[in-house]
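Read the structure below first, then the notes.
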Amino acid sequence: MQADTDIIDQLQFAAMRRRAPLWIAAILPWVLLLSFPGIVLWSAWAVWDWRRLRARVRRDWTGWIDATVPALEDSSALLAGATSAIGQLQRRRLLARIATVLTDDVLAAIARERVRFDARWFALSVCAALALFAWRQVQALPPTPHEVKALIAQQTSEITVRVTPPKYTGVAMSVGAPRELQVPEHSVVEWCLRAPQPVDTPIELSDGQSLKIGRACARWNATESVFWRWRGARYNLRVIPDQPPEVSMSAPREMIHTLAREAASATITLAVRDDYQVRRATLHLTLARGSGENIRFSDRELPLPESGDPRTRTWNKQWTLAELGMEPGDELYFLVRATDNAERAHTTVSPTYTLRLPGPVEESDESSAQPMLVKPENLRSQRQIIIDTEQLLADLKATPGMNPVTVRSRSEAIADDQAQLRRRYGQFLGEESTLFGGEEHHDEDEKHDVVAEFGHMHDQAENATLFDESTKKILRRALSAMWDAEKALRAIAPKTALPPEHKALDAIKQLQQADRIYLHKTAFVPPALKEDIRMTGDVVGAKSYRREQGAPAVPIPDGVRRLIEALDGDGALPALWSRDAHAWVRERIANEEQRLEAQRAVQDVADGCAACRPVLRAWLRGAITQAPVLLQAKAVPQTPFTRALRNGVPR
């Protein structure tokens, strides 16, 4: 009996090896679809088929062996048992030869002949899996236009949207069915039911708010663009921010306009526009008069007249120089300041424009015994050079494609002014200069002192001690800064020339204020103490005067970091994750379209969309602008073996 049992087990093992690929192939499509019910169902079928195959082998194994192995002489049934003496003899003969006849190859051949792959079961499994996959795709598809229209029609019959813009905008109130809306900033949006009744579905906003709607209308103040959802349908609600007034200058077109020497008038043409109303617009005039560093300023403010359109104010006026108060050599700086009628008024200040009126050229009196200081008309002060340089930088920023020839000419003109001013101050240290006095003329018969005419007597004590040493140091610092500014301007680098220009101006001011002394009080003032606790030793309520050091800024909050890590898998999300996600998106994403898409991803994940998790994770990670690099060492256990191995000491 033991022999037939071993043969049956060997034959069953061979048959199951033949049938196993069918079982695996039938279950594989459901594993790929991640369908747990399908895996369980086809696993149960595989168990049933295995039991059926085992019963078949136990029933028909003798016939299979007799048909395949002729050496057994159709007597394999005797292996299960023999009652007669002849049967027992034949059984012993079969057992003696069965070890050499019934090999593994023979068993595999029997299994191939008697057990089929039966592809019908595999085809049935594949067809069922494809049907499930197609059904999932249909469920994932967006609703058809007909279904969307039906849903919108259903909502239109139940809910209305009322928009009340701020009064200062002058926009009328609107009431209608749910739709895409564009509303002014700070408008009041109300959602009302046509038949007021308690409703469990709230109005969900993309910023995380939920507004209860029922017998009373849901209200919201429009401060930023959002989308809202009710019963599965979404609608965009874009907020139009109140823009500040715009100021445009038509005349003069240049930021620095030089009038003709014989000009008697100047034209100023400007316009101010706002999206709702210009409440106030004024023209500020500043007149600069004087020479060198002694310049006086006078200010005036003129209101711009209103026009028929409250959103626009224009002014075109031909000013006489007497009205502007300008005289030869003066400069007029003017700008426009405009304010709109918003609840929080926006104020716009235009760039500063300059009108220059050239002054007359002064001539020296040749009859005077002492040479007089002749100041050319284009000799600018250090402050004016700084203003010209800043104006050139502003023009380059406003007009990136400015003609290089114009930029070079303006920069070299400022460099010429800086060079002339440098020579003016350099003559106090003995530098060469041709600005002070003209060339002297002598008669032909007069003898010339060549040394006195062409030499420079720097070694005289009088010249060397004209100023004290501290004043000379300040002069040298000013001249060095002027040299640096001039070199940068010659190289067409006005931005590089601006710091040394300011340094030269500071040195000139220091020369003018050398006789002034400033005393700064820097004593420590302790906090006041109550008189009733003095000398008692009670320090309750007393604050230290030492300032606490601020904690380092955390670029990524802990809640957002945990949320990003949780979105990488299929596990549970942290508590209150949607609040942290909405706050992070609102704070870090400035673009309106991108912010709405990120908020839509937050809402989809909250609805249970597993495929939306990578999208939300990408939005949260993309909003990280600064993240520190943390280098953390891995924990290594300290044992006698590791210490000996690290130190090279044998155990």
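If I model a spin label as a point 7 Å beyond the Cα along the Cα-Cβ vector, how far apart are those points for residue 556 and residue 40 in nm?
3.9 nm
Please compute the length gained on full extension between residue 24 and residue 473, using 0.36 nm multiplied by the number of residues separating them and subtracting their Cα-Cα distance. The partial results should precede the final answer.
On the way: separation 449, 0.36 × 449 = 161.64 nm, distance 9.48 nm.
Full extension from residue 24 to residue 473 adds 152.2 nm.
Quick check: residue separation of residue 583 and residue 17 times 0.36 nm, minus the Cα distance between them. What number comes out in nm?
On the way: separation 566, 0.36 × 566 = 203.76 nm, distance 5.97 nm.
In short, 197.8 nm is gained.
Starting at the first residue of region 566-571, write each ³J(HN,Hα) from the Karplus equation 6.51 cos²θ - 1.76 cosθ + 1.60 with θ = phi - 60°, in whole Hz, x for Gly and Pro.
Working through the residues one at a time gives 6, 5, 6, x, 9, x Hz.
How many nm separate the modelled label positions at residue 299 and residue 402, each set 7 Å beyond the Cα in the direction of the Cβ?
According to this spin-label approximation, the distance is 2.7 nm.
Hey, with R₀ at 56 Å, roughly what FRET efficiency would residue 188 and residue 646 work out to, going by the Cβ-Cβ distance, to 0.05? List each step's numbers first, then the result.
Details: r = 72 Å, r/R0 = 1.28.
After rounding, the FRET efficiency stands at 0.20.
So if R0 is 51 Å, what FRET efficiency would residue 162 and residue 318 give, r being the distance between their Cβ atoms, rounded to the nearest 0.05?
Values: r = 52 Å, r/R0 = 1.01.
Plugging the Cβ-Cβ distance into 1/(1 + (r/R0)^6) gives 0.50.
If I stretch the segment between residue 346 and residue 109 completely, what's the gain in nm (0.36 nm per residue apart, minus their alpha carbon distance), one decimal?
Details: separation 237, 0.36 × 237 = 85.32 nm, distance 9.31 nm.
Using 0.36 nm per residue and subtracting the Cα-Cα distance, I get 76.0 nm.
Readers should treat all values here as calculations from the given coordinates under stated rules, not as data from a laboratory. Please read these numbers as outputs of a predicted model, since none were measured by experiment. Because the Cβ atoms are built from the backbone with ideal geometry, glycine has one as well, and the counts that use them run over all protein chains shown.
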